[in-house]
Structure formats: structure tokens, C-alpha cells
Amino acid sequence: MIEQDTIKLLRECDAGIQMGVSAIDEVMDYVTNDSLKKQLEDCKNSHESLRKELEVLLDRYHDDGKSPNPMAKSMSWMKTKVDLFADPSDETVADLMTDGCNMGVKSLSRYLNQYQAADEPSKEIAKRLIALEERLAVNVRSYL
């Protein structure tokens, strides 16, 4: 049970990290404020760093991880493009990032509760990812 919950939690973290990095990449060309751009770049780098740690744990369990749900990714991409087409501003970027972070925190918290038997290093990665998402949501509020 511990190994199964650990692998499942790590997979969900992997998908969440990929979704977060992809979302940041999608909005970056629309960002005009240097401070906002730096915050997004820093967050993306933190996600990528965390993913490297996560991959080490996945390798330990001989697992390849998980890609984001294609439907969720498509819906996110479509919302981003439509919103930015209508209003290509830092405010729109901040709004999209806030919504994405909140969804990520909600999903990851659910998985953390669902896979309670996961090992501590995996839970720690999930908690760190949640903290990254929460921090970005707070940091972009001044651009809303």
C-alpha cells in the first residue's frame, strides 16, 4: 500500500508540475512587467528543480511519471488563449495564474489526503509544490 500510494502521489505531482510549467510558458510572451516576468520565471525554475527531485524518486520505483490529463491541458490552453486574445495584459496573466494555482493547490491537497500511505519524501514534495503554487498566487495579486 505504501508503494502504491507513493507512486500515485508522485505521478500526480509530476502532472501538476508539467501543467504549471506549461501554463507559465503559455503566458510569458504577454507579460510586460519585469517584476511579474521575474516572479513567473523564478516559479518555473522552482517547478523544474522540484521535478528533478521527483524524477529521482520515480526512478527508485521504476516509474515514468504521468503527463497532465489531455482534456484539462486543452481546456487550460483554450481559456488562456481566449482570455489573452480579449485582453493581453499583465492583469489577465495574473488572473489566469491565480486560477491555475488555486486549482493546483486544490488538486494536490486532495491527492495528498487521498494517498496518505505515501512515504514521507513524496509527501514532502507534494507539500513543497503546494507551497510554490500558493506563493505564486499571493505574489501575483498585486497585478490583478
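The values are calculated or read from the model by the stated rules, or taken from the named source; none is laboratory data. Model, not experiment: these values are computed from the prediction. Neighbour counts run over all protein chains shown; Cβ positions are idealised from the backbone, glycine included. Accessible surface areas use protein heavy atoms only, side chains included; no ligands, DNA or RNA. Shrake-Rupley method; radii C 1.70, N 1.55, O 1.52, S 1.80 Å.
Inside the range 1-17, residues that are surrounded by 18 or more Cβ atoms within 10 Å (Cβ to Cβ) and among the polar types (S, T, N, Q) make up a count of 1. Within the range 107-127, being within 11 Å of the chain's Cα centre (by Cα) and of a type outside the set (Gly, Ala, Ser) holds for one residue alone: LEU108. Within the range 115-144, the residues that satisfy the criterion of being farther than 15 Å from GLN39 by Cα, open to solvent by 20 Å² or more (accessible area, probe 1.4 Å) and free of Cβ contacts under 8 Å to residues at least 60 places away in the same chain are GLU120, GLU124, LYS127. Within the range 78-89, can one find any residue that is of a type in the set (Val, Ile, Thr) and buried (at least 17 other Cβ atoms within 10 Å of the Cβ)? Yes, that holds for at least one residue.
Going by what's in this entry, would THR6 be described as among the β-branched types (Val, Ile, Thr) and outside any helix (DSSP H, G or I)? Considered against the rule, which asks whether it is among the β-branched types (Val, Ile, Thr) and outside any helix (DSSP H, G or I), THR6 comes out as no. Could you tell me whether any residue of the range 56-66 is under 16 Å from GLU133 (Cα atoms), without any contact (Cβ under 8 Å) to a residue 40 or more places away in the chain and either open to solvent by less than 80 Å² (accessible area, probe 1.4 Å) or among the acidic types (Asp, Glu) (or both)? Checked against the condition, which is being under 16 Å from GLU133 (Cα atoms), without any contact (Cβ under 8 Å) to a residue 40 or more places away in the chain and either open to solvent by less than 80 Å² (accessible area, probe 1.4 Å) or among the acidic types (Asp, Glu) (or both), the range 56-66 yields no hits at all.
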